[in-house]
Amino acid sequence: MNSSEPVPSGKTVYLKDYAPPSYIIEKTELDVDIYKGETFVLARLQFQCLDERPQALTLDGEALELLDIAIDGKALDSTQYRCDHRGLTLHNPPERFVLTTRVRILPEQNTSLEGLYRSRTIYCTQCEAEGFRKITYYLDRPDVMSDFITRVSADKNECPILLSNGNKIDGGDLDGGRHFATWHDPHKKPCYLFALVAGDLAKVEDRFRTASGREVTLQIFVEEKDLDKCDHAMSSLKNAMRWDEQVYGREYDLDIFMIVAVDDFNMGAMENKGLNIFNTSCVLAKPETTTDAGFQRVEGVVAHEYFHNWSGNRVTCRDWFQLSLKEGFTVFRDAEFSADMGSRTVKRVEDVAVLRTLQFAEDAGPMAHPIRPASYMEISNFYTLTIYEKGAEVVRMLANLLGPADFRKATDLYFERHDGQAVTTEEFVQAMEDASGRDLTQFKRWYNQAGTPRLSVTDEYDQEQRRYSLTIRQSTPATPECAEKLAFHIPVAMGLLGEAGELALKLADESLDDLPEDNTHRVLELTETEQTFVFTDIPEKPVPSLLRGFSAPVKLDYQYSRADLATLALHDSDGFNRYEACQKLALATIQDAMLAYQQDTLAEFVPDSTLVQVYRLLLEDNSLDQAMLALMLNLPSEAYIAEEQEVIDPVAIHFARRQVAAYVGSELAELFRLRVSAYDPTREYRAQSDDIALRSMKNAALGYLMLLPTAEDLHLCLNQLARANNMTDEMAALTALVCCEDNTAQEQARDALTAFYQKWQDEPLVVNQWLALQARNPIPGALERVQALLQHPAYDGNNPNKIRSVISVFCNNNPLNFHTGTADEPDAGYRFLAEQILQLDSKNPQIAARLITPLTRWRRYTGDRGQAMRLQLQRLADQPGLSPDSYEIVSKSLN
Ligand code: PHE
Ligand code: ZN
């Protein structure tokens with residue numbers, strides 16, 4: 001068959017059409033013989049019919065060349081099966097049979113990075129969600145779970161290492177300089193968890209003793225040159241293994257756990273049973289090349305993939321509509337792990353920032369979908385912030401509603417009840433209900449209604465009665481799947497601040513006996529469209545601290561005065577809400593500046609002084625965690641400000657934000673300078689949270705100073721750049737220099753960028769950071785700079801990390817330049833993006849489709865801009881042979 005036949009676009013799959021498989025595959029035996037330029041896959045599959053024998057059985061298969069086919073050892077003739085570009089249909093199959101197929105595939109030519117492909121010198125697989133069908137004909141669905149034996153063979157010199165899932169049970173030399181290895185996975189699994197690796201890899205090895213005393217061998221396989229960057233991943237892995245035993249009672253279940261790092265990977269990493277495959281960017285780390293954020297990402301992703309061994313592998317998804325069952329839960333687990341390893345509040349603030357900018361935007365756009373969608377065209381498009389991040393928020397709400405003891409009972413029950421099964425989100429919530437006795441019927445609306453609920457809160461204080469009442473209204477905007485929303489069950493964690501601190505709380509319907517121990521904190525459960533909560537014995541008009549810890553993924557409106565916000569920023573006992581008060585105060589200040597920009601008076605604009613007063617007090621408070629302080633001093637991102645605007649004006653946002661930042665920088669210059677000069681750039685690097693905190697505050701200070709630098713500031717920056725012994729400080733100084741508009745700084749920046757590249761050109765992950773810095777640099781002319789970068793020898797248009805570093809970063813994180821294009825062509829940014837998408841679409845549709853996101857937001861922008869964006873979407877829609885991936889996003893966005 002011809003693998004280049006176009007796949008028809010636009011077929012929708014519906015959850016309501018789910019039917020269990022008619023056959024299961026009890027046993028899967030694969031022989032994968034890798035040769036230069038082509039690979040042969042021999043599959044022996046033991047099929048068993050589950051109920052009534054169907055007239056035909058269709059196996060999935062794509063880009064396969066069928067060489068042989070037999071049932072129970074007898075070759076089939078052409079009347080007994082049919083083959084097309086989607087799969088293989090067996091006519092009148094027996095009740096129970098062994099199907100043998102032999103296919104030829106071309107990993108070297110596989111640029112989609114799905115199925116078996118070659119990354120540099122390494123052969124590897126990526127099967128989630130539907131990549132296994134590019135390896136052999138199969139029932140490529142997660143509810144078909146099989147016992148896998150995999151024999152891999154290849155040239156012994158080229159591929160000394162041969163890996164697959166489970167335990168190695170055989171191996172040896174073959175004729176012609178070849179060798180083989182046979183692996184058996186004792187746990188039944190769906191084929192999306194299959195993995196195979198062959199290549200010339202070096203490894204680091206360690207051991208872990210499980211709680212019950214079993215020894216597990218831990219191996220990380222990388223290219224020889226990266227052997228010195230594995231320590232952090234290894235210690236993160238051991239921490240994660242220990243944590244899952246302690247917090248969830250989950251032990252690892254094989255004798256060996258392997259991680260392989262590859263350069264070309266569509267996502268962060270993949271939880272294949274016993275053989276995780278990682279994007280190098282999520283596993284390699286060492287101080288000289290990796291920023292603090294990079295270290296934290298490695299820790300988080302290593303843990304995430306490890307945690308999938310239970311939440312994903314032992315208990316897997318029935319179908320892909322249930323994706324959040326494993327992803328939302330696992331993101332929640334990894335977030336809690338990271339919170340325990342570092343600073344809980346900092347982790348929470350960082351996660352909420354991502355959720356509120358990117359996920360909220362998704363939930364308000366044409367691709368909005370519930371965390372359990374009811375339909376999709378291309379499942380790869382549903383690995384979204386909604387499925388992952390909002391899914392994690394929903395699990396977090398459950399965990400908080402149940403409380404730690406019942407939540408643990410519930411997860412124990414879930415894992416025990418469904419071990420070895422492929423289940424749905426219903427069954428997850430059922431375990432929560434059964435373990436806690438709570439009725440979660442209404443709560444389940446979070447699973448099938450999309451959109452971000454908006455809470456409008458008003459209050460009233462009655463001095464005479466000493467009563468304080470809070471009225472909360474909820475409403476959720478229409479989203480594509482549903483216009484009229486039913487009320488959500490929303491936990492609103494809160495407290496009340498008085499003059500002297502937190503007030504003791506008593507709700508009117510609470511009896512004195514059942515007041516909680518911490519009597520200054522409550523979780524109000526909002527279940528109606530509008531509800532009023534009355535507190536009694538409140539001695540003064542309080543400032544409400546609402547949605548503490550961001551207790552629900554909602555937008556919240558309450559008319560705070562700036563003085564209220566200052567009170568919360570300085571005195572709230574909830575760290576998240578202190579941060580949130582700073583954000584609200586900064587947002588209000590920036591919005592004033594935007595008004596001035598629109599009235600052409602930005603140059604004379606003087607911001608309200610509350611923000612700077614609060615920042616000053618915070619800077620002078622030595623008791624504050626420095627990482628928290630840095631976050632509180634961080635102005636809301638341009639993306640977050642945009643998310644708060646009805647109609648987005650990216651130019652006003654940029655200049656207004658910049659003006660406020662420059663004002664803060666100059667008002668607090670002395671305090672900032674102290675922070676920077678007090679820091680010894682040669683101090684020994686540790687990736688621990690208190691050190692990370694120090695660096696983040698100091699680098700935030702440097703960033704402020706470099707907005708309008710004095711000669712001394714410039715010197716401080718250059719000094720840090722020259723003497724830094726770690727990438728966090730080096731990159732922070734380079735960033736501050738490169739983004740500085742000062743003329744002398746600009747000259748220095750050009751040299752510094754060249755020198756940096758020369759120093760780091762052999763480290764692809766550092767080069768990615770260098771590319772990304774230039775792509776997000778807001779100084780005018782970014783599009784031209786980005787176009788030049790695409791011609792740079794460091795760029796590789798087939799490597800997702802490079803594509804992301806340049807194209808995604810420019811289009812998503814450089815809004816000023818993306819939306820203003822070039823001097824003569826204001827729509828040049830949009831056209832650039834469309835061209836890049838078209839070039840990539842046939843090579844790697846998953847990455848191409850992801851690039852479209854910024855254009856899908858066209859409705860949010862003013863007339864000309866919105867129309868110009870739309871025009872580029874239309875151009876993509878008109879492209880014959882557009883991939884189903886891109887087609888889905890383009891067509892839904894134009895609708
Ligand atoms: N399941 C992977 C994770 O969440 C993500 C992934 C999806 C990777 C699809 C590759 C392809 O960790
Ligand atoms: Zn995951």
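Coordinate-derived values only; no laboratory data. Predicted model only: the values in this text are computed from it and were never measured. Quick reminder, even Gly has a Cβ in these numbers, built from the backbone with ideal geometry, and neighbours come from all protein chains shown.
Numbers below:
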read-out: Residue (of Tyr388, Asn743, Ile105) at the positive-pole extreme of the chain, dipole from beta-carbon charges; value: Ile105
read-out: Check: region 449-575 dipole with +1 on Lys, Arg Cβ and -1 on Asp, Glu Cβ, in debye; value: 540 debye
read-out: Cβ-defined net charge surrounding Asn276, 13 Å radius [Lys, Arg +1; Asp, Glu -1]; value: -2
read-out: Residues listed by number, region 224-263, amide nitrogen under 14 Å from Asp762 label point at 7 Å toward C-beta; value: 224-228
read-out: Using θ = phi - 60° and Karplus 6.51 cos²θ - 1.76 cosθ + 1.60, couplings along region 293-308 (whole Hz; Gly, Pro as x); value: 4, x, 4, 5, 5, 4, 4, x, 6, 4, 5, 3, 5, 4, 4, 4
read-out: Mean residue ellipticity (222 nm) of the chain, computed from DSSP H runs ≥ 4 via -39,500 (n - 2.57), nearest 500; value: -12000 deg cm²/dmol
read-out: Nitroxide proxy distance, nm - points 7 Å out along Cα→Cβ at Glu530 and Asp751; value: 6.7 nm
read-out: Whole-angstrom gap from region 659-725 to region 193-230, using each part's C-alpha centre; value: 38 Å
read-out: Pair Ala70, Tyr461: separation of 7 Å Cα→Cβ label points (nm); value: 8.6 nm
read-out: Backbone HN-Hα couplings from phi across region 467-476 [Karplus 6.51/-1.76/1.60, Hz, Gly and Pro as x]; value: 10, 10, 10, 10, 10, 10, 10, 10, 8, 10
read-out: Extension reserve of the Asp51-Asp513 stretch, reckoned as 0.36 nm per residue once the Cα distance is removed; value: 160.5 nm
read-out: Rounded, prolate or oblate (a/c below 1.5 giving rounded, otherwise prolate when a/b exceeds b/c) for the chain by Cα gyration tensor; value: prolate
read-out: 3J(HN,Hα) from dihedral phi, region 862-877, Karplus parametrisation 6.51/-1.76/1.60, rounded to Hz, x for glycine, proline; value: 4, x, 4, 4, x, 5, 5, 5, 4, 4, 6, 5, 4, 4, 5, 4
read-out: Simple Cβ-charge dipole of the chain, Lys/Arg +1 and Asp/Glu -1, about Cα centre, in debye nearest 20; value: 1140 debye
read-out: Contour minus Cα-Cα distance for Val13 and Asp77 (0.36 nm per residue); value: 19.8 nm
read-out: Sequence-distant residues sharing a close amide H with Leu496 (under 5 Å, placed H); value: Leu503, Ser545
read-out: C-alpha center-to-center spacing [region 298-366, region 869-895] in angstrom; value: 29 Å
read-out: Nearest-20 debye value, region 277-325 charge dipole, Cβ charges on Lys, Arg, Asp, Glu; value: 180 debye
read-out: Charge dipole (region 189-276, unit charges on Cβ, about Cα centre) - positive-most of Thr210, Phe221, Ala269; value: Thr210
read-out: Of Lys698/Lys759; Lys11/Lys168; Lys189/Lys485, those spanning more than 29 Å from alpha-carbon to alpha-carbon; value: Lys11/Lys168; Lys189/Lys485
read-out: Residues with amide H under 5 Å from that of Val260, placed H, sequence gap 5 or more; value: Phe221, Asn276, Ile277, Phe278
read-out: For region 762-895: rounded, prolate or oblate by the Cα gyration tensor [a/c cutoff 1.5]; value: oblate
read-out: Amide H contacts under 5 Å for Cys317, placed H, 5+ residues apart; value: Val423
read-out: Per DSSP, loop GluC sites (Glu not before Pro) in region 680-747 with at most 16 further Cβ within 10 Å; value: Glu684, Glu741
